[in-house]
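K.L.:
Before I ask anything, here is the structure I am working with.
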Amino acid sequence: MLNIVFGQSKYYVDSLSENTKRDLRQKVKRGEYPGPAPIGYINDSRTKSVVVDKKKAKIIREAFELYAEGNSRLEDISNFLAQRGILSRGGKRIHKTRATFILSNPFYTGLFRYSKELHEGKYEPIIAKKIFDKVQEVLKQRGRPHHKTKYEPQDLCGLMKCGTCGMSITGEYRVKKQKNGNVHDYIYYHCTKKNKSIKCSEPCIRQEELDKQISSLLQKFSFRMDLAEKLLEMAEKDKVVSAQSVSAFVQESQNKIRAIQVKLQRLLNGYLEQDIERETYREQKAVLLSEKKSLDEKMVRIEQKQNDWLEPMQEWLKSAQGMDKIASDSDLFAKKVCAKEIFGSNLRLSEKTLRACAPKSQNSLAIPPENPWHALRAFRLGSHSEPFSSFKVGRAGFEPATVCLKGNCSTRLS
């Protein structure tokens, strides 16, 4: 009798376990997450679903955007969350490993993992797939955190390279004490001299002198008001053309999404018929779902913001018009940002002289032709005899480099 009772108990437990797993699988197929919601979401006990925690979701979104910029460490993200009230269960600051898990969790984009398999959820995503992918790139590229020294200047570091050996230019503080008791602080920039194959003899340069040279370069890039007005008129004409291209792109994306859905169904049928292995099924399904999610977001983003390139163009015009003010100001960080945007990594420091030239070229402009600053600088130098309307903006200029607008950039720049 005891064996019969034990057998019945074992059968009941096994049946209960199998029924529970079956219900969870059905819930997953419906797009419902069968587990505790991550930070930024809450489990609604009434509807048995996952809903957005409006207060914490905003903080999580800001944390993703902050890390996507590439200037923050995982410790900075933990501090950012702690300052806004998101702590661990013990009331302590979230560890950086937990911050890594949050930043790499696809749940926030509308996809969740269950049994090592990626599924599409029916809940509201709080992070755009584009920002999530950018965060993953930053997580992949960043190595060990860089511990800053106490006296490491950050104003102009990372902006230029040595003209002799091609190594980076770094800066350091120096303190000069005079016999009369006066103390002077100086900042010098010099080559790191990490290239062992070349003996670099480049001298150091004071920050004040380097500041003057950067200001002199930036003053060569400014925009007149009449040209800005003409550009805006042309942009309004392109606005009509882009609307037609958007419609064609949306139709193409919808066809691709339908094709992906067919592939997912065929993949499921092949798995049920045991024609493919479980691991292959999971990998291929994750790839197709990720591609489908990217197409959905791109299509919605382009439909809603098909003319978003107008705002960056207007911002660029403001930057170009205010370049003289930035060059004459004392804000080194603002000058660094502008120089980085204009010249990229083509600034070289040689014999205490800062030049804008490509590593293997004598081009004094050293700006890619598709960069709008290139056309602006060429016009100011008077190197073109063509009229104002002959200067085209490249595909990577003002207008976004999207499929729907590719080849339709007619805005011109002098």
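Values quoted throughout were computed directly from the atomic coordinates according to the rules given, and no laboratory measurement underlies them. Quantities reported herein were computed from a predicted structural model and do not represent experimental measurements. So basically every Cβ, Gly included, is an ideal-geometry build from the backbone, and we count neighbours across all protein chains shown.
K.L.:
Which pairs break 29 Å Cα to Cα here: LYS193/LYS335; LYS122/LYS239; LYS239/LYS285; LYS194/LYS336; LYS27/LYS256?
P.N.:
In this structure, LYS122/LYS239; LYS239/LYS285 exceed 29 Å between Cα atoms.
K.L.:
What is the spin-label model distance, in nm, from LYS318 to SER72 if the labels are put 7 Å beyond Cα along the C-beta direction?
P.N.:
2.3
K.L.:
Using θ = phi - 60° and the Karplus form 6.51 cos²θ - 1.76 cosθ + 1.60, what ³J(HN,Hα) does each residue of segment 271-285 get, whole Hz, x for Gly and Pro?
P.N.:
Per residue, the Karplus-derived 3J(HN,Hα) values read 6, 5, 7, 6, 7, 10, 6, 5, 5, 4, 4, 5, 5, 5, 5 Hz.
K.L.:
Please work out the Cα center distance from segment 1-78 to segment 314-342, rounded to the nearest Å.
P.N.:
So the separation of the two Cα centres works out to 48 Å.
K.L.:
Restricting the calculation to Cα positions, tell me the Rg (one decimal) and the Dmax (whole number) of segment 249-298 in Å.
P.N.:
12.0, 37
K.L.:
Out of the GluC sites (Glu not before Pro) in segment 216-276, which ones are loop residues according to DSSP with at most 16 other C-beta atoms within 10 Å?
P.N.:
Answer in residue order: GLU273.
K.L.:
Restricting to Cα atoms and excluding each atom paired with itself, what does the Kirkwood estimate give for segment 31-141 in Å?
P.N.:
Radius from the Kirkwood sum: 14.4 Å.
K.L.:
Using 1/(1 + (r/R0)^6) with R0 = 22 angstrom and r between the beta carbons of ASP296 and GLN265, what's the FRET efficiency to the nearest 0.05?
P.N.:
0.80
K.L.:
Also, quick follow-up: Would segment 248-347 count as rounded, prolate or oblate if I go by the C-alpha gyration tensor, calling it rounded below 1.5 in a/c and otherwise prolate when a/b exceeds b/c, oblate otherwise?
P.N.:
Cα axes put segment 248-347 in the prolate bin.
K.L.:
Also, quick follow-up: Using Cα pairs closer than 8 Å and at least 6 residues apart in sequence, work out the relative contact order for segment 41-96, in percent.
P.N.:
Here the relative contact order equals 23 percent.
K.L.:
Show me 174-183, 255-264, 342-351, 283-292 ranked by packing, highest mean number of other Cβ atoms within 10 Å first.
P.N.:
Highest-to-lowest ranking by the protection proxy: 342-351, 283-292, 255-264, 174-183.
K.L.:
I would also like to ask the following. State, to one decimal in nm, how far the label point of ASN3 lies from the label point of ASN195, with both points 7 Å from Cα in the Cβ direction.
P.N.:
In this crude label model, ASN3 to ASN195 measures out at 8.5 nm.
K.L.:
Here is a further query. Checking the cross-link filter: which lysines have an alpha carbon closer than 18 Å to that of LYS340, excluding same-chain neighbours under 8 positions apart?
P.N.:
Candidates past the 8-residue exclusion: LYS161, LYS212, LYS220, LYS318, LYS325.
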